[in-house]
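Comments concern the structure below.
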Amino acid sequence: MGSCRCSSAWQRVRRGLAAGPVVLQSGPAALLHPSPSLTPYRPPAAAPAPAPASPSSRHLFSDPAETEALRRDLLAWYDRCKRDLPWRTRAATEPSADRRAYAVWVSEVMLQQTQVATVIDYYNRWMQKWPTLQALAQASLEEVNELWAGLGYYSRGKRLQEAARKVVSELAGQMPRTAEDLQKLLPGVGRYTAAAIASISYGQATGVVDGNVIRVLCRLRCIGADSSSPAVIDRLWDMANALVDRSRPGDFNQALMELGATVCVPKAPLCGECPVKQHCRARLRVEKELASASQKLLGKATPVPDVEDCGAGGCPLCPPAAEPWDSSLGVTNFPRKAAKKQPRAARAATCVLERRGCHRAPEYLIVQRPSSGLLAGLWEFPSLPLPQDLQEEKQREALAEHLQAWIGQPVVAAELQLIGEVVHIFSHIHQTYVVYSLSLDGDVTLDAASPPSRWVTEEEFHVSAVSTAMKKVLKACEKQQEKRSNPGQGSKRKRGAKAQGTGSTGPGTQLSLRAFLQPPTAP
């Protein structure tokens, strides 16, 4: 009987242990007669994290009258001063909602990380070649890359076409009509692009936040926290959505971006020409400091109210204490960003491989890059990544072996002519190309088993889908060949020319000191 009780007690203990850590009574009796209150141990719940502090009203547009005045002033300025841009003309005159949205979409994708002056020509050629979503969907990726070549960030064109094909094949050719659906349904369309299309094309009252808008809002409201942090970006989106004009959302958003692009620029902003300067807290700070400096000159020093410090402890939009206001920077104290990560250094050996084609015209070998990664699908001269510390002799040998795989015949490393180095800066890579050249005699049969490759003339090269870096490589090669062909060209003094001050002088000629001291010669 006692044995049964012990066995039953052990079973109850085991069940308690299986449920979690337990606290047992001390002594053997506790094992035989466990307490009925035996329960799994649970650690005390952690105290809830304190809620983040709310920003002061100094950082917000909390006065409806001021908000309305700012909208009115900004739109009036935009109507007077806006630039005449082709995508704006299309957005204002195109009656079809789908075509209008497509035209805006193309411009917004091209304008990402690219200046307006550069985009205009690309945009006009794009819209002439593919005026509708349907036309773009039918194009080949090679055609898209060829037109995009030189615009940078080449994956943008590829994603744009992929999304166009989805609209045609899955959405019956109709663009989504809201920012939410644009972002959800179209690959490659982010929050900003979706909001820009919806507000400009469809009149949806949604704000936009890009680099120009970030700069304008941060200066208007003295936002000194890291403007690239997700928390601050979310606050700026809230502000943009609250500020956008409900009757003209597309124009208002374009006006805000136009202000940042032409007046409220990163350096040397034109504050005197700003249509909303009376609403700018950063400018108010500068004016108060100037007034204080004037008072000091008159011997009437007065403290300057710190409008940058809103007075709310732990304000998420104020600058950190370690980064105080710099009076020498004025309004360009804002926005503030975390230190930019330096691009990584990379080296590659590349060879301009040349042969004589029809009519003895030079032709160059270009090969296609992989379909993913940097410069995906573009064409380039045969290139090979290099370790940073590889000696030049080893570079030649590695490149010669690489070229042999392309052309199917031995390449002598010593015959590779070193042209020099070409540097190209990508967004995250500091790329150095060690450029060589090699002229081949006779016909060369390319290996069909290798990735796509072809021979092109110089004219064909420039209209192919090649990167700006490869165009710089060819230019460096041509310049070096020109120097070799004309070794005496480019010297500062022509052969046989007399040195200055040693012969007769003409009007306006600067005399040497010796010539000045010599007596004049008789006529």
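The values are calculated or read from the model by the stated rules, or taken from the named source; none is laboratory data. Since we're looking at a predicted model, the values are computed, not measured. All Cβ positions, even for glycine, are placed from backbone atoms using ideal geometry, and neighbour counts span all protein chains on display. Areas reflect the complete protein model, heavy atoms only, side chains present, ligands, DNA and RNA absent. Shrake-Rupley method; radii C 1.70, N 1.55, O 1.52, S 1.80 Å.
Every residue in the range 167-178 that is without any contact (Cβ under 8 Å) to a residue 40 or more places away in the chain and of a type outside the set (Ser, Thr, Tyr), please. Show your work before the answer.
Kept after step one, since they are without any contact (Cβ under 8 Å) to a residue 40 or more places away in the chain, are these residues of the range 167-178: 167-172, 176, 178.
The answer is Val167, Val168, Glu170, Leu171, Ala172, Pro176.
Residues in the range 167-185 that are closer than 13 Å to Ala137 by Cβ and crowded, with 20+ Cβ neighbours inside 10 Å: 2 in all.
Could you please give the count of residues in the range 85-122 that are of a type in the set (A, V, I, L, M, F, W, C) and over 26 Å from the mean Cα position of the chain (by Cα)?
Number satisfying all stated conditions: 2.
Would you tally the residues in the range 227-261 being within 22 Å of the chain's Cα centre (by Cα) and open to solvent by 50 Å² or more (accessible area, probe 1.4 Å)? Adding up the residues that qualify gives 5.
Examine the range 406-418 for a residue that is within 23 Å of Glu458 (Cα to Cα), part of a strand (DSSP E or B) and not small (Gly, Ala, Ser), and state whether such a residue exists. Yes, the range 406-418 has at least one match.
Check the range 381-389 and report whether any residue there is modelled with pLDDT under 90 and within 30 Å of Ala231 (Cα to Cα).
Residues of the range 381-389 that are modelled with pLDDT under 90, as a first pass: 388-389.
Checking the rest, the ones that are also within 30 Å of Ala231 (Cα to Cα) come to none.
No, the range 381-389 contains no residue that is modelled with pLDDT under 90 and within 30 Å of Ala231 (Cα to Cα).
Within the range 179-193, the set of residues being touching a residue at least 40 places away in the same chain (Cβ under 8 Å) and among the basic types (Lys, Arg) comprises just one member, Arg191. Among the residues of this structure, Arg347 counts as one that is closer than 29 Å to Val144 by Cα, touching a Ser or Thr at 6+ places or on another chain (Cβ under 7 Å), among the basic types (Lys, Arg) and surrounded by 13 or more Cβ atoms within 10 Å (Cβ to Cβ).
So that you can scan it fast, the table gives a plain yes or no per residue for (1) over 31 Å from the mean Cα position of the chain (by Cα); (2) open to solvent by 80 Å² or more (accessible area, probe 1.4 Å):
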| site | (1), (2) |
| --- | --- |
| Pro370 | no, yes |
| Phe381 | no, no |
| Pro385 | no, yes |
| Glu393 | yes, yes |
| Gln409 | yes, no |
| Val423 | no, no |
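Looking at the range 432-445, is at least one residue charged (D, E, K, R), loosely packed, with under 13 Cβ neighbours inside 10 Å and modelled with pLDDT under 95? So far as the range 432-445 goes, yes, one or more of its residues are charged (D, E, K, R), loosely packed, with under 13 Cβ neighbours inside 10 Å and modelled with pLDDT under 95.
Could you identify the single residue in Ala476, Ala448, Ala522, Ala499 that is out of contact with any helix residue (DSSP H, G or I) (no Cβ under 7 Å at 6 or more places or on another chain), small (Gly, Ala, Ser) and at pLDDT 90 or above?
On the way: Ala448 fails: at pLDDT 90 or above; Ala522 fails: at pLDDT 90 or above; Ala499 fails: at pLDDT 90 or above.
The unique qualifying residue is Ala476.
So which of Arg454, Arg484 ends up being out of contact with any strand residue (DSSP E or B) (no Cβ under 6 Å at 6 or more places or on another chain), outside any loop (DSSP other than H, G, I, E, B) and under 13 Å from Glu354 (Cα atoms)? Result: Arg454 is the single residue among Arg454, Arg484 that is out of contact with any strand residue (DSSP E or B) (no Cβ under 6 Å at 6 or more places or on another chain), outside any loop (DSSP other than H, G, I, E, B) and under 13 Å from Glu354 (Cα atoms). Among the residues making up the range 284-319, those that are open to solvent by less than 60 Å² (accessible area, probe 1.4 Å) and either modelled with pLDDT of 80 or more or within 31 Å of the chain's Cα centre (by Cα) (or both) are Arg285, Val286, Glu289, Ala291, Glu308, Cys315, Pro316, Leu317, Cys318, Pro319. The sole residue among Ala196, Ala164, Ala139 that is touching a residue at least 12 places away in the same chain (Cβ under 8 Å), crowded, with 18+ Cβ neighbours inside 10 Å, touching a Phe, Trp or Tyr at 6+ places or on another chain (Cβ under 9 Å) and more than 22 Å from Thr118 (Cα to Cα) is Ala164. Which of (1) in a helix (DSSP H, G or I); (2) in contact with a strand residue (DSSP E or B) (Cβ under 7 Å, 6 or more places away or on another chain); (3) open to solvent by 20 Å² or more (accessible area, probe 1.4 Å) is the odd one out, the single condition Ala338 does not satisfy? Status for Ala338: all satisfied but (1).
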